1. Consider region 110-130. How many of its residues are on the phi < 0 side of the Ramachandran plot, touching a residue at least 24 places away in the same chain (Cβ under 8 Å) and touching a strand residue (DSSP E or B) at 6+ places or on another chain (Cβ under 9 Å)?
2. Report the residue count in region 118-141 for those that are buried (at least 22 other Cβ atoms within 10 Å of the Cβ) and under 20 Å from residue 25 (Cβ atoms).
3. In this structure, does residue 115 turn out to be in contact with a helix residue (DSSP H, G or I) (Cβ under 6 Å, 6 or more places away or on another chain) and buried (at least 20 other Cβ atoms within 10 Å of the Cβ)?
4. So, of the residues in region 37-64 that are touching a helix residue (DSSP H, G or I) at 6+ places or on another chain (Cβ under 9 Å) and more than 20 Å from residue 99 (Cβ to Cβ), which turns out to be surrounded by the fewest Cβ atoms within 10 Å (Cβ to Cβ)?
5. Tell me, yes or no, whether region 26-37 has at least one residue that is over 18 Å from the mean Cα position of the chain (by Cα) and modelled with pLDDT under 95.
6. Within region 79-89, can one find any residue that is crowded, with 16+ Cβ neighbours inside 10 Å, over 12 Å from the mean Cα position of the chain (by Cα), at pLDDT below 95 and not in a helix (DSSP H, G or I)?
7. If you go through region 143-157 one residue at a time, how many are in a helix (DSSP H, G or I) and in contact (Cβ under 8 Å) with a residue 24 or more places away in the chain?
8. Being in contact with a helix residue (DSSP H, G or I) (Cβ under 7 Å, 6 or more places away or on another chain), in a strand (DSSP E or B) and modelled with pLDDT under 95 narrows it down to one residue among 93, 160, 133, 140; which is it?
C-alpha cells in the first residue's frame, strides 16, 4: 500500500514538473513576443531590458531565448530582482506570482516610464497589469488590459488582440 502511494506520488510530481517546465517555456515565449507586438513611443536606444521580479522558472527560459532574439536593433537583456525598489530601467517587468502583491507599487513606480507590466496570476489583469498570463482549459493564454497599456503610453498591434483576450 505504501509503495503504491509513493509510486503514485512520484508519477504525479514528475507530471507536474513537466507541466511547470512547459509553462515556464511558454511564459517566456509569450513575453519575448509581447515585446514584438507592443509599440513603445520611441524605438529606444541601448538594450531592450526584461526584468523578472521574484522567483519564476521563466527567468531561465527568458535568458536562453533572449540570446537568440532582438527587438528591432536592440539586444535583449534579462535581469532578475527580488526587490522592486532596486529596479531602475526596464521595458518589460514580469512580476512572478510570489511578488504579485507589489503590482500597485510597480504601477505607481513605472506610471510614466512606458513599461509593460506582465503578471501571471488570476485577477491581476483586472487589477491593472498590462498583460496577464492565465491558464484556461489547461492552456496558457493571456489577457490584455487596454486601459493599462494606454496609461503606460503603450499600444498593441492588432495581431496581439487576435491571440489574447481583451479585458
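The values are calculated or read from the model by the stated rules, or taken from the named source; none is laboratory data. Not measured: the values here are computed from a predicted model. Positions of Cβ are generated from backbone atoms using ideal geometry, with glycine treated the same way; all protein chains shown enter the neighbour counts.
1. First, pick out the residues of region 110-130 that are on the phi < 0 side of the Ramachandran plot: 110-113, 115-122, 124-127, 129-130.
Now restrict to residues that are touching a residue at least 24 places away in the same chain (Cβ under 8 Å): 110-113, 115-121, 124-127, 129-130.
Now restrict to residues that are touching a strand residue (DSSP E or B) at 6+ places or on another chain (Cβ under 9 Å): 110, 115-121, 124-127, 129-130.
Total satisfying the criteria: 14.
2. At the first step, the residues of region 118-141 found to be buried (at least 22 other Cβ atoms within 10 Å of the Cβ) are 118-120, 124-125, 129-133.
Those still in the list that are under 20 Å from residue 25 (Cβ atoms) too: 118-120, 131-133.
Of the residues in region 118-141, 6 are buried (at least 22 other Cβ atoms within 10 Å of the Cβ) and under 20 Å from residue 25 (Cβ atoms).
3. Values: in contact with a helix residue (DSSP H, G or I) (Cβ under 6 Å, 6 or more places away or on another chain): no; buried (at least 20 other Cβ atoms within 10 Å of the Cβ): yes.
It is false that residue 115 is in contact with a helix residue (DSSP H, G or I) (Cβ under 6 Å, 6 or more places away or on another chain) and buried (at least 20 other Cβ atoms within 10 Å of the Cβ).
4. Taking region 37-64 first, the residues touching a helix residue (DSSP H, G or I) at 6+ places or on another chain (Cβ under 9 Å) are 37-38, 48, 50, 52-64.
Filter once more, so that each one left must be more than 20 Å from residue 99 (Cβ to Cβ): 37-38, 48, 64.
Values: 37: 18, 38: 23, 48: 23, 64: 12.
Among residues in region 37-64 that are touching a helix residue (DSSP H, G or I) at 6+ places or on another chain (Cβ under 9 Å) and more than 20 Å from residue 99 (Cβ to Cβ), the one surrounded by the fewest Cβ atoms within 10 Å (Cβ to Cβ) is 64.
5. As a first pass, look at region 26-37 and keep what is over 18 Å from the mean Cα position of the chain (by Cα): none.
No, the conditions are met nowhere in region 26-37.
6. Of all residues in region 79-89, those crowded, with 16+ Cβ neighbours inside 10 Å come to 79-81, 84, 87.
Subsequent filtering for residues that are over 12 Å from the mean Cα position of the chain (by Cα) retains 79-81, 84, 87.
Next, only the ones that are at pLDDT below 95 stay: none.
Within region 79-89, none of the residues are crowded, with 16+ Cβ neighbours inside 10 Å, over 12 Å from the mean Cα position of the chain (by Cα), at pLDDT below 95 and not in a helix (DSSP H, G or I).
7. Applying the first criterion (in a helix (DSSP H, G or I)) to region 143-157 yields 146-151.
Filter once more, so that each one left must be in contact (Cβ under 8 Å) with a residue 24 or more places away in the chain: 148-149, 151.
Summing the residues that are in a helix (DSSP H, G or I) and in contact (Cβ under 8 Å) with a residue 24 or more places away in the chain in region 143-157 gives 3.
8. Details: 93 fails: modelled with pLDDT under 95; 160 fails: in a strand (DSSP E or B); 133 fails: modelled with pLDDT under 95.
After applying the criteria, what remains is 140.
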